[in-house]
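Novice: The following block contains the structure, expressed as structure tokens.
The values are calculated or read from the model by the stated rules, or taken from the named source; none is laboratory data. Keep in mind it's a predicted model, so treat the numbers as computed, not measured. No Cβ is skipped: glycine too gets one built from the backbone with ideal geometry, and neighbour counts run over all protein chains shown.
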Amino acid sequence: MPAQSTTDEDFDSVHVCLTDEPLEPMIAATSSEEPWLAHPDAGAMLWFHGVTRRKTVQGDRVTVTKELSYTAHREMAVKQLKELAHNAVQEFTLHRVVILHRLGVVPIGQASVIVGCSSSHRVASLDAVATIMDRLKKDVPIWKQERFESGDRQWIHPSPTTDDPTTH
Amino acid sequence: MPAQSTTDEDFDSVHVCLTDEPLEPMIAATSSEEPWLAHPDAGAMLWFHGVTRRKTVQGDRVTVTKELSYTAHREMAVKQLKELAHNAVQEFTLHRVVILHRLGVVPIGQASVIVGCSSSHRVASLDAVATIMDRLKKDVPIWKQERFESGDRQWIHPSPTTDDPTTH
Amino acid sequence: MNEPRTIEVLLFAGASEAADGADRVIVRSHDHITASELMKQLADQHAALAPLARRSRLAIDQRYVSADHVIPSGAEVALIPPVSGG
Amino acid sequence: MNEPRTIEVLLFAGASEAADGADRVIVRSHDHITASELMKQLADQHAALAPLARRSRLAIDQRYVSADHVIPSGAEVALIPPVSGG
């Protein structure tokens, strides 16, 4: 949706951030009162953390990841994340949407992406988080490089036939 | 599933709590490192908060809730929540499950229930949280009393034809 | 067989409210009674509970039981009205 | 018309790696060129980028464009290989 379709209220309901810093402290700083998702008419709040995983199992093959590193077309990615968030507010009648994505090296067990939604009922937030993640992984110009324990490094450019094996 | 079907590893993966205290500080105390959901092979962590909502819209009718109050068959509810969590671990191949439910008065904006899941991929956690909430609301002996701004109070005993209007 | 017996039934939420706030009621019954028979006697002997009891389940020793389940002596018996947790 | 022109194309991730780490390449082109024509010229003039370019999209001023989109002069042009964020 073009920017003119978003209202002021809609603007306030969205928080998007692309950062080189760890995401967990940003969430922790607000989590006890959850101001980012709080709204008196919100009956459901949902936080999704996409985290760097150690092991990837594909059939019989197990690969061991040391860490992931992310890069982006930053300006375009922020624009697209905002658009994605605003569209989700409209489409799923959300009260709040938060999308945070980390760039640079993300060690095992830490979050590369955090998506938060609040809505009157839980189904809207569950559907919205699923949809936001699907669209983010399809369209937003962010790329991950997998760094294996073996020392090998590989940029991930999934095609319809070779899926991203490290996906959350 | 009967208790004997759960292994030690399975037991460690589940954390269930029924409490008269606010849930948010329990989560905040662990959220920055998330030990409850952390696992080196977890690629996805999901936290759902079911929160007391101010307004309930049913067609043209809007009711304003002052607060909710919850009661339970405590011992039976804890047993069932554990069983529910263990079943979800098996069914959705989860690494961790957390289910917290608050009893007593829950003011607007505070959580009555928090469900957390971690899994290798996000779809498993999204499906698990949806399923756990559906089953919790169908079978676990916990009841809410709605307390309106008008002073009226009403125990909620949903039937197939009259759904729970205050549901998350 | 079928000796007279009293059974204590735990009440919660709207059921407790319907029984003027009592957290349990006594049902006069007999041995070898089934869950569905007990539900009928409960409704007969405590009319205020009848409407909600019709929509409730019975839990024996903290498990839901089927209609033909025979209630063991000494078991915990609980009337579980439609739940609304979450 | 169709005056000679050079177009700078931004590179990311595997595309930048294929260009020995460069964050952009120059494509010799002409005015009124479309996105699909530019993609072809990019692949012709920078063979190392060809395999990935075939699977990539073009973004003009930070929006994905269709194959027949004419590239305005002065626009930001970016080669967007299949993304893998999240």
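Novice: Being over 28 Å from A:ARG135 (Cα atoms) and free of Cβ contacts under 8 Å to residues at least 40 places away in the same chain: is that true of D:ILE26 here?
Specialist: yes
Novice: Would you check which residues across the stretch A:147-163 are facing another protein chain (nearest Cβ under 7 Å) and either outside any loop (DSSP other than H, G, I, E, B) or modelled with pLDDT under 90 (or both) and list them?
Specialist: A:TRP155, A:SER159
Novice: Still on this structure: Within the stretch C:32-40, is even one residue of a type in the set (Lys, Arg) and closer than 30 Å to A:ARG122 by Cβ?
Specialist: First pass over the stretch C:32-40, keeping only residues of a type in the set (Lys, Arg): C:40.
Pick out the ones that are also closer than 30 Å to A:ARG122 by Cβ and you get none.
Checked against the condition, which is being of a type in the set (Lys, Arg) and closer than 30 Å to A:ARG122 by Cβ, the stretch C:32-40 yields no hits at all.
Novice: Hey, another quick one. For the stretch A:73-93, give me each residue that is more than 22 Å from A:LYS144 (Cα to Cα), among the polar types (S, T, N, Q) and in a helix (DSSP H, G or I).
Specialist: Correct list: A:ASN87, A:GLN90.
Novice: Another question about this same structure. Of the numbered conditions (1) closer than 30 Å to A:SER112 by Cβ; (2) surrounded by fewer than 17 Cβ atoms within 10 Å (Cβ to Cβ); (3) more than 7 Å from every other protein chain (Cβ to nearest Cβ), B:TRP36 satisfies every one except a single condition; which is it?
Specialist: (2)
Novice: Any residue in the stretch C:44-53 that is part of a helix (DSSP H, G or I), out of contact with any Lys or Arg (no Cβ under 7 Å at 6 or more places or on another chain) and under 30 Å from B:VAL115 (Cβ atoms)?
Specialist: Within the stretch C:44-53, one or more residues are part of a helix (DSSP H, G or I), out of contact with any Lys or Arg (no Cβ under 7 Å at 6 or more places or on another chain) and under 30 Å from B:VAL115 (Cβ atoms).
Novice: Okay, moving on. Suppose we filter A:GLY109, A:GLY43, A:GLY104, A:GLY59 for residues that are on the phi > 0 side of the Ramachandran plot, in contact (Cβ under 8 Å) with a residue 60 or more places away in the chain and more than 12 Å from the chain's Cα centre (by Cα); which single one remains? First the steps, then the outcome.
Specialist: Details: A:GLY109 fails: in contact (Cβ under 8 Å) with a residue 60 or more places away in the chain; A:GLY43 fails: on the phi > 0 side of the Ramachandran plot; A:GLY59 fails: in contact (Cβ under 8 Å) with a residue 60 or more places away in the chain.
Just one listed residue meets the conditions, A:GLY104.
Novice: Does A:SER120 qualify as being of a type outside the set (A, V, I, L, M, F, W, C), touching an Asp or Glu at 6+ places or on another chain (Cβ under 7 Å) and at the interface with another protein chain (Cβ under 7 Å from one of its Cβ atoms)?
Specialist: Taking the combined requirement at face value, the residue satisfies it.
Novice: Out of C:SER36, C:SER73, I need the residue that is surrounded by fewer than 16 Cβ atoms within 10 Å (Cβ to Cβ) and under 20 Å from B:MET76 (Cα atoms). Which one?
Specialist: Of the residues listed, the single one that is surrounded by fewer than 16 Cβ atoms within 10 Å (Cβ to Cβ) and under 20 Å from B:MET76 (Cα atoms) is C:SER73.
Novice: Does the stretch B:40-48 contain at least one residue that is modelled with pLDDT under 95 and either more than 13 Å from chain A (Cβ to nearest Cβ) or surrounded by fewer than 18 Cβ atoms within 10 Å (Cβ to Cβ) (or both)?
Specialist: Checked against the condition, which is being modelled with pLDDT under 95 and either more than 13 Å from chain A (Cβ to nearest Cβ) or surrounded by fewer than 18 Cβ atoms within 10 Å (Cβ to Cβ) (or both), the stretch B:40-48 yields at least one hit.
Novice: On the given criteria, is A:VAL106 outside any loop (DSSP other than H, G, I, E, B), under 19 Å from B:GLY116 (Cβ atoms) and either in contact with a strand residue (DSSP E or B) (Cβ under 8 Å, 6 or more places away or on another chain) or among the β-branched types (Val, Ile, Thr) (or both)?
Specialist: So A:VAL106 fails the test.
Novice: Yes or no: the stretch B:144-164 includes at least one residue that is β-branched (Val, Ile, Thr) and closer than 18 Å to A:ARG122 by Cα.
Specialist: Filtering the stretch B:144-164 for residues β-branched (Val, Ile, Thr) gives B:156, B:161-162.
Now narrow it down to the ones that are closer than 18 Å to A:ARG122 by Cα: none.
Scanning the stretch B:144-164 turns up no residue that is β-branched (Val, Ile, Thr) and closer than 18 Å to A:ARG122 by Cα.
Novice: Could you please let me know if A:VAL57 is surrounded by 24 or more Cβ atoms within 10 Å (Cβ to Cβ) and among the β-branched types (Val, Ile, Thr)?
Specialist: Against the criterion (surrounded by 24 or more Cβ atoms within 10 Å (Cβ to Cβ) and among the β-branched types (Val, Ile, Thr)), A:VAL57 does not qualify.
Novice: Of the conditions (1) assigned to a strand (DSSP E or B); (2) among the hydroxyl-bearing types (Ser, Thr, Tyr); (3) within 11 Å of chain C (Cβ to nearest Cβ), B:THR166 clears all except one; give me its number.
Specialist: Here B:THR166 clears every test but (1).
Novice: If you scan the stretch C:1-32, which residues turn out to be surrounded by fewer than 20 Cβ atoms within 10 Å (Cβ to Cβ) and in a loop (DSSP other than H, G, I, E, B)?
Specialist: Matches in the stretch C:1-32: C:MET1, C:ASN2, C:GLU3, C:ALA19, C:ASP20, C:GLY21, C:ALA22, C:ASP23, C:ASP31, C:HIS32.
Novice: Here's something else I'd like to know. Checking A:LEU81 against (1) over 23 Å from B:LEU46 (Cα atoms); (2) within 12 Å of the chain's Cα centre (by Cα), only one condition comes out false. Which one?
Specialist: (1)
Every residue, every condition in (1) away from chain C (no Cβ under 14 Å); (2) more than 20 Å from B:GLN154 (Cα to Cα); (3) crowded, with 22+ Cβ neighbours inside 10 Å; (4) touching a helix residue (DSSP H, G or I) at 6+ places or on another chain (Cβ under 8 Å), yes or no:
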{"site": "B:VAL64", "(1), (2), (3), (4)": "yes, no, no, no"}
{"site": "B:THR71", "(1), (2), (3), (4)": "no, no, no, yes"}
{"site": "B:ALA77", "(1), (2), (3), (4)": "no, yes, yes, no"}
{"site": "B:GLN80", "(1), (2), (3), (4)": "no, yes, yes, yes"}
{"site": "B:ALA88", "(1), (2), (3), (4)": "yes, yes, yes, yes"}
{"site": "B:LEU100", "(1), (2), (3), (4)": "no, yes, yes, yes"}
{"site": "B:LEU103", "(1), (2), (3), (4)": "no, no, no, yes"}
{"site": "B:PRO107", "(1), (2), (3), (4)": "yes, no, no, no"}
{"site": "B:VAL115", "(1), (2), (3), (4)": "no, yes, yes, yes"}
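Novice: Same structure, new question: Please indicate, with yes or no, whether at least one residue in the stretch C:60-68 is within 12 Å of chain B (Cβ to nearest Cβ), at pLDDT 95 or above and more than 26 Å from B:ILE132 (Cα to Cα).
Specialist: No, there is no match, as no residue in the stretch C:60-68 is within 12 Å of chain B (Cβ to nearest Cβ), at pLDDT 95 or above and more than 26 Å from B:ILE132 (Cα to Cα).
Novice: Among the residues of the stretch A:112-144 satisfying the criterion of being in contact with a Leu (Cβ under 7 Å, 6 or more places away or on another chain) and either without any contact (Cβ under 8 Å) to a residue 40 or more places away in the chain or not hydrophobic (A, V, I, L, M, F, W, C) (or both), which is farthest from B:VAL51 (Cα to Cα)?
Specialist: Out of the qualifying residues, it is A:LYS144.
Novice: Consider B:VAL97 against the criteria (1) without any contact (Cβ under 8 Å) to a residue 24 or more places away in the chain; (2) assigned to a strand (DSSP E or B): it satisfies all of them except one. Which criterion is unmet?
Specialist: Only one criterion in (1) without any contact (Cβ under 8 Å) to a residue 24 or more places away in the chain; (2) assigned to a strand (DSSP E or B) is unmet by B:VAL97, namely (1).
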